[in-house]
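Inspection log for the structure reproduced underneath, given as structure tokens.
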Amino acid sequence: MRCPAELYQPSARPYRGLSDLDYPFHDGTITVTRCGRICFGGRKVNLSAVFAGQNVGVKEISEKIGLDFQSQAGI
């Protein structure tokens, strides 16, 4: 049996990354900081460092309930 390294061939197509995503039903798009935090409505909200550098769509549900967010990671 051959190992994956013996079978691997690089793709002929270059990777260009993802285009900017649009979140039309959200209040705004915010980039997550390196430490995994966003600032929304004067509040600091910790999401996860996994999202660092990613744009997330945010929507305020109410002043005291919290945030609904979507990311290109799709969770």
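Anything in the stretch 1-46 that is surrounded by 10 or more Cβ atoms within 10 Å (Cβ to Cβ) and among the aromatic types (Phe, Trp, Tyr)? List them, or say none. Answer for the stretch 1-46, where residues must be surrounded by 10 or more Cβ atoms within 10 Å (Cβ to Cβ) and among the aromatic types (Phe, Trp, Tyr): 23, 40. For the stretch 15-41, residues that are polar (S, T, N, Q) and over 14 Å from residue 58 (Cβ atoms) total 1. Being assigned to a loop (DSSP other than H, G, I, E, B), at pLDDT 85 or above and of a type outside the set (Ser, Thr, Tyr): is that true of residue 53 here? Criteria met by residue 53.
The values are calculated or read from the model by the stated rules, or taken from the named source; none is laboratory data. Every value quoted in this text rests on a predicted model; they were computed, and no experiment measured them. Here Cβ is always computed from backbone atoms with ideal geometry, including for glycine, and neighbour counts include all displayed protein chains.
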